[in-house]
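Participant: Dumping the structure here so I can ask a few things about it.
The values are calculated or read from the model by the stated rules, or taken from the named source; none is laboratory data. Just so we're clear, the structure is a prediction, and the values are computed from it rather than from any experiment. Neighbour counts are summed over all protein chains in view; Cβ atoms, including those assigned to glycine, are modelled from backbone coordinates with ideal geometry. Keep in mind that these areas ignore ligands, DNA and RNA; they rest on the heavy atoms of the full protein, side chains included. Shrake-Rupley method; radii C 1.70, N 1.55, O 1.52, S 1.80 Å.
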Amino acid sequence: MGLTKFLLALFLIGLTLPHVSQAKDGHLHFLDGHNKARAEVGVPPLKWNNTVAAYARKYANTRIADCNLEHSDGPYGECIAEGYGNLRAADAVRMWAGEKQYYDHKSNKCVGGECGHYTQVVWRDTKYLGCAKVKCHNGWMFVTCNYDPPGNYDGESPY
């Protein structure tokens, strides 16, 4: 799926989401989706890390003015998403984990679409997660999750 289609999908999801409280975006909502995807492939669950979460929050705050879908290029693995309306934690994680359909474990390649977010979500050596969500000035939501240690090393299988 190209970037344009991915952003369109995020936009459409944002249009269909009901208003929910911030309580639906606590760290357990981020962890639950990640750990469900990880359990499906037999890798250990992630633990929440406040240091990694602080990094995610600091970076998310830099995106408030423009909500650009740009990576932080920091020391952690990273998945980012944006959506119009109230993009919830579970929605973002579900989109990343949904790339599983494009990951071919046998060849360790993405086939027919993007799968790099999925492989980071299930990267076996990652132990810690920290995420943040902000509402941008344009009304969109920006979500970032960071992973320690990072994954997605060329030539290595995620699990």
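Participant: Summarise the accessible area of segment 58-159 (1.4 Å probe, protein heavy atoms) by the percent that is carbon and sulfur.
Facilitator: It is 48 percent, rounded to a whole number.
Participant: Enumerate the residues in segment 25-44 having an amide nitrogen under 14 Å from the point lying 7 Å beyond the Cα of Thr51 toward its Cβ.
Facilitator: Residues passing the 14 Å test: none.
Participant: Which whole-number percent of Cα pairs in segment 39-159 have a distance greater than 21 Å?
Facilitator: Above the 21 Å cut-off, segment 39-159 has 37 percent of its Cα pairs.
Participant: By the scheme Lys and Arg +1, Asp and Glu -1, what is the net charge of all other residues having a beta-carbon under 14 Å from that of Gly116?
Facilitator: After counting each charged neighbour, the total is -4.
Participant: Report, in listed order, any pair from Lys106/Lys133; Lys109/Lys133; Lys109/Lys135 with a Cα-Cα distance greater than 32 Å.
Facilitator: Lys106/Lys133; Lys109/Lys135
Participant: At q = 0.26, 0.27, 0.28 Å⁻¹, what log₁₀ I(q)/I(0) does a Debye calculation on the Cα points of segment 94-159 give, no solvent, two decimals?
Facilitator: Each listed q maps to, in turn, -1.11, -1.16, -1.20.
Participant: Through the Karplus equation 6.51 cos²θ - 1.76 cosθ + 1.60, θ set to phi - 60°, convert the phi angles of segment 114-119 into ³J(HN,Hα) values in whole Hz; use x for Gly and Pro.
Facilitator: Taking θ as phi minus 60°, the curve returns 6, 9, x, 5, 4, 5 Hz for segment 114-119.
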